[in-house]
Amino acid sequence: MARMVLKLASLAAATSGIYLYGNKFLDPNDFGVVRVGRAIATTAVITYDYLTSLRSVPYGSEEYDFLKSQVHLRSAERLRELCCANRGTFIKVGQHLGALDYLLPEEYTRTLKVLHSQAPQSTRQEIEQVIREDLGKEIKELFLSFEDTPLGAASLAQVHKAVLQDGRTVAVKIQHPKVQAQSSKDILLMEVLLLVVKQIFPDFEFMWLVEEAKKNLPLELDFLNEGRNAEKVAHMLKNFDFLKVPRIYWELSTRRVLLMEFMEGGQVNDRAYMERNGINVNEISRNLGRLYSEMIFVNGFVHCDPHPGNVLVKKCPASGKAHIILLDHGLYQVLSESFRMDYCCLWQALIKADMKRVQKYSRRLGAGDLYPLFACMLTARSWESVNRGIDRLPVSASEDVEIRSNAAAYLPQITRLLNNVPRQMLLLLKTNDLLRGIESALHTRASASSFLNMSRCCIRAVSTYQRSKSHSLYRRAQISLTEALSLWQINLYELFLWLKGSQLGNWVIALLSWMHHST
């Protein structure tokens, strides 16, 4: 009898397994026990690897550093596999970690970067289900044509090209149907696992990652919020004629479906595309820096996901001007006035190599005694370069290697800093690293023009703030005069740099040299 029951149970289990495997509408990843079990197992294996692999090796030795690098790499690969398997929120968090180029060990950032191109795709049936539930119509009723293959797939959604019944070409962003239900449970699971790991490794300070996910994911999952962000930034930066933000079609947009004007171009880090299409690489880099300096220092409303897939470039056939197309407006950081002013003053001090003010404003932003490390994290430069002046020399290959090595060597201090600084700083650090990655790809990193643009925006922002706090007409006039003089000095210095690098400048220098020798 027992044997018969065992056979029947085995047959039932096998039949259920075959049914689940063969049913295209059911995915083992949808079952909480599978996702939780996989996350727990991966965390346990990574923890065990760190505990045992380095136990008998002298700390600080060459062998220790080599083994630690190997453990980092194995752990990063396991983490990547977990993110790809559990998808959704896990991929989103993995992408965030992969963007922290100069803050985490290179083994992690290099391995997790691929998550931007390995996001899952929803099936045609799932897309139809979301559109039917949110818009109350079938795809064929809404569109003349709808491309099955997405233009791009991300952790939370994917985008399809379509043509409306009136002939307008649009981009349709559709949320993966299971992300909404799974996100809160996934974040809770991550929080519990990180707390457990912290008990084993007291220096492990990654709770900021969960706190950020808790705050930002609900906003990113609301596509109506994304549409409002897009319209706000387009209005805020309307004076930049090179910036293009897709128009939102509100009548066909919901919390899970967003219809936008269709725009296309090459990715902003594709130097070869720009050269083929006659786009000035330095101009694009300079304009991107102007955009972000304006958002961060002047407006305090910052697009925080400028990875290359979200920033496109295209040359306008009519005008010949190069446009920057800004996509994916789900993740923005709003900066408080006090934070923004401290951040402005800190960057002014960093550009001027004023170490006393660097220390003062770093401490005000929560860095404490770790302010030298904080300055290096912000600038992605060595402490020697920070002291000398970050605008003096470009980043050398050896300095870049040093910074990346320090990310591994000072990981406990870096994570402690990330836990202590204001939450507003976390997305700015990620944004800084993404922008630096673009500049590195374009070979325009640490150019003088980028620091000049930052200086202009900082001066304008601080002057505007000071005028708003002053009740004296004389004092306001004094502030405006100081602002005008400072901006004039920057313009003069920029002119000097242009002359120095131009053919005209070379002729002037040659003429002056000839006149000097003649006399």
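What the table shows:
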read-out	value
Sole residue being among the charged types (D, E, K, R), surrounded by fewer than 16 Cβ atoms within 10 Å (Cβ to Cβ), touching an Asp or Glu at 6+ places or on another chain (Cβ under 9 Å) and at pLDDT below 90, chosen from GLU399, GLU384	GLU384
Residue ID - modelled with the highest pLDDT, chosen from residues in region 412-448 that are among the hydroxyl-bearing types (Ser, Thr, Tyr) and either open to solvent by less than 30 Å² (accessible area, probe 1.4 Å) or touching a Phe, Trp or Tyr at 6+ places or on another chain (Cβ under 6 Å) (or both)	THR431
Which listed residue, of SER470, SER455, is closer than 27 Å to LEU288 by Cβ, at pLDDT 65 or above and either in contact with a Gly (Cβ under 9 Å, 6 or more places away or on another chain) or surrounded by 11 or more Cβ atoms within 10 Å (Cβ to Cβ) (or both)	SER455
Residue that is most open to solvent (accessible area, probe 1.4 Å), among those in region 326-371 that are within 21 Å of PHE451 (Cα to Cα) and among the polar types (S, T, N, Q)	GLN359
Residue that is surrounded by the fewest Cβ atoms within 10 Å (Cβ to Cβ), among those in region 143-160 that are of a type in the set (S, T, N, Q) and within 22 Å of GLY98 (Cβ to Cβ)	GLN158
Inter-residue pairs, beta-carbon under 8 Å, first in contact (Cβ under 8 Å) with a residue 12 or more places away in the chain and closer than 17 Å to ALA408 by Cα and in region 54-82, second basic (Lys, Arg) and outside any loop (DSSP other than H, G, I, E, B), 6+ apart	LEU54/LYS68; ALA76/ARG110
Which numbered condition ALA234 fails, given (1) free of Cβ contacts under 8 Å to residues at least 12 places away in the same chain; (2) over 15 Å from LEU258 (Cβ atoms); (3) among the aliphatic types (A, V, I, L, M)	(2)
Residue that is nearest to the chain's Cα centre (by Cα), among those in region 258-292 that are of a type in the set (S, T, N, Q) and farther than 28 Å from SER155 by Cα	ASN287
One residue from LEU434, LEU370 being assigned to a helix (DSSP H, G or I), under 21 Å from GLU294 (Cβ atoms) and of a type in the set (A, V, I, L, M, F, W, C)	LEU434
Hits in region 373-411 - residues which are closer than 19 Å to CYS345 by Cα, in a helix (DSSP H, G or I) and basic (Lys, Arg)	ARG388
Tally of residues being open to solvent by 30 Å² or more (accessible area, probe 1.4 Å), in contact (Cβ under 8 Å) with a residue 60 or more places away in the chain and part of a helix (DSSP H, G or I) across region 161-181	1
Failed condition for HIS116, given (1) in contact with a His (Cβ under 8 Å, 6 or more places away or on another chain); (2) surrounded by 20 or more Cβ atoms within 10 Å (Cβ to Cβ)	(2)
Qualifying residue in region 270-282 (condition: in contact (Cβ under 8 Å) with a residue 60 or more places away in the chain and in a strand (DSSP E or B))	no
Matching residues, region 126-141, being open to solvent by 80 Å² or more (accessible area, probe 1.4 Å) and either more than 18 Å from VAL163 (Cα to Cα) or in contact (Cβ under 8 Å) with a residue 12 or more places away in the chain (or both)	GLU133
Hits in region 186-200 - residues which are touching a residue at least 24 places away in the same chain (Cβ under 8 Å) and under 24 Å from the mean Cα position of the chain (by Cα)	ASP186, ILE187, LEU189, MET190
Check on VAL313, open to solvent by less than 10 Å² (accessible area, probe 1.4 Å) and under 17 Å from the mean Cα position of the chain (by Cα)	no
Test set (1) polar (S, T, N, Q); (2) touching a Gly at 6+ places or on another chain (Cβ under 9 Å); (3) touching a residue at least 40 places away in the same chain (Cβ under 8 Å) - SER285 fails condition number	(2)
Residue count, region 101-141 (criterion: aromatic (Phe, Trp, Tyr) and at pLDDT 90 or above)	1
Filtered residue count, region 231-268, keeping only those that are open to solvent by 70 Å² or more (accessible area, probe 1.4 Å) and of a type in the set (A, V, I, L, M, F, W, C)	1
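Quick grid of which residues meet (1) at pLDDT below 95; (2) out of contact with any Lys or Arg (no Cβ under 9 Å at 6 or more places or on another chain):
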site: ALA162; (1), (2): no, yes
site: ILE187; (1), (2): yes, no
site: GLU191; (1), (2): yes, no
site: PHE201; (1), (2): yes, yes
site: PHE204; (1), (2): yes, no
site: VAL210; (1), (2): yes, yes
site: GLU220; (1), (2): yes, no
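The values are calculated or read from the model by the stated rules, or taken from the named source; none is laboratory data. These figures come from a predicted structure and were not determined experimentally. Here Cβ is always computed from backbone atoms with ideal geometry, including for glycine, and neighbour counts include all displayed protein chains. Each accessible area value is taken on the protein alone, full model and side chains, heavy atoms only, with ligands, DNA and RNA left out. Shrake-Rupley method; radii C 1.70, N 1.55, O 1.52, S 1.80 Å.
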